[in-house]
1. Going residue by residue through segment 37-52, is there one that turns out to be out of contact with any helix residue (DSSP H, G or I) (no Cβ under 9 Å at 6 or more places or on another chain), among the hydroxyl-bearing types (S, T, Y) and open to solvent by less than 70 Å² (accessible area, probe 1.4 Å)?
2. Can you go through L84, L94, L108, L69 and tell me which one is without any contact (Cβ under 8 Å) to a residue 60 or more places away in the chain, over 20 Å from R28 (Cα atoms), of a type outside the set (D, E, K, R) and open to solvent by 60 Å² or more (accessible area, probe 1.4 Å)?
3. Quick one: is L166 surrounded by 17 or more Cβ atoms within 10 Å (Cβ to Cβ), within 19 Å of the chain's Cα centre (by Cα) and closer than 30 Å to V56 by Cβ?
4. Would you check if V62 is of a type in the set (A, V, I, L, M), assigned to a loop (DSSP other than H, G, I, E, B) and crowded, with 16+ Cβ neighbours inside 10 Å?
5. Just to be sure I understand, how many residues within segment 91-117 are under 20 Å from S153 (Cα atoms) and assigned to a loop (DSSP other than H, G, I, E, B)?
6. Within segment 132-155, restricting attention to residues that are in contact (Cβ under 8 Å) with a residue 40 or more places away in the chain and open to solvent by less than 30 Å² (accessible area, probe 1.4 Å), which residue is farthest from D42 (Cα to Cα)?
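The values are calculated or read from the model by the stated rules, or taken from the named source; none is laboratory data. The shown structure was predicted, so the numbers you read here are calculated from the model rather than taken from an experiment. Because the Cβ atoms are built from the backbone with ideal geometry, glycine has one as well, and the counts that use them run over all protein chains shown. Only protein heavy atoms, including side chains, enter the accessible area calculation; ligands, DNA and RNA are left aside. Shrake-Rupley method; radii C 1.70, N 1.55, O 1.52, S 1.80 Å.
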Amino acid sequence: MVFDSWSGIIRTVVAAVVAYAVLVTVLRLSGKRTLAKMNAFDLVVTVALGSTLATVVLSSDVALAEGGLALALLVALQFAVAWLAIRSARVRRLIKSEPTVVLRDGRLLEQPMRRQRVTASEVRQAVRAGGSGALEDVAAVVLETDGSFSVISRQKLGAGSALAGLTGFAGPGDSAGSGHRPSR
């Protein structure tokens, strides 16, 4: 079907404008963190917001007030969970994963790779995308909480303070993939 009725077109336009305005307003009030892609939990909320917005705009079965409320609730819940995660280590551990070192000093770390279900070819691809042609030129590859890879070359490692506390990285010169966290 190409065209159903003018009333359907007008409803879609009105719903899109109003729902979009509600979403933008709620997102501005909740702050930048709401749509951050810091971990899988954030991604799920972002996808849920998009799905809810699409449903409100396209489905005449969902009242505009209900859709606006659903958008506001998703943002409020994301805000509340992020607020709790900042204040509670238990909540933080429940919703967030830890970054994982999957390559150290040019060597692939098989156990962390297996635990995170990452293949050697994926790590090599990340190294190439990071501009290096040799694993040996890389100090570390980290699988971040959002699923992306960070590639740190030997030249840019410095003191390694950005990697402090990660399992598999205890500092320059330490045994690769030891699995020990540095003492603080």
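1. Among the residues of segment 37-52, at least one is out of contact with any helix residue (DSSP H, G or I) (no Cβ under 9 Å at 6 or more places or on another chain), among the hydroxyl-bearing types (S, T, Y) and open to solvent by less than 70 Å² (accessible area, probe 1.4 Å), which makes the answer yes.
2. Values: L84 fails: over 20 Å from R28 (Cα atoms); L108 fails: open to solvent by 60 Å² or more (accessible area, probe 1.4 Å); L69 fails: over 20 Å from R28 (Cα atoms).
The unique qualifying residue is L94.
3. Numbers: surrounded by 17 or more Cβ atoms within 10 Å (Cβ to Cβ): yes; within 19 Å of the chain's Cα centre (by Cα): yes; closer than 30 Å to V56 by Cβ: no.
No: the conditions fail for L166.
4. Details: of a type in the set (A, V, I, L, M): yes; assigned to a loop (DSSP other than H, G, I, E, B): yes; crowded, with 16+ Cβ neighbours inside 10 Å: yes.
It is true that V62 is of a type in the set (A, V, I, L, M), assigned to a loop (DSSP other than H, G, I, E, B) and crowded, with 16+ Cβ neighbours inside 10 Å.
5. Filtering segment 91-117 down to residues under 20 Å from S153 (Cα atoms) leaves 99-110, 112-113.
Cutting the leftovers down to assigned to a loop (DSSP other than H, G, I, E, B) gives us 99, 105-106, 109.
Summing the residues that are under 20 Å from S153 (Cα atoms) and assigned to a loop (DSSP other than H, G, I, E, B) in segment 91-117 gives 4.
6. V141
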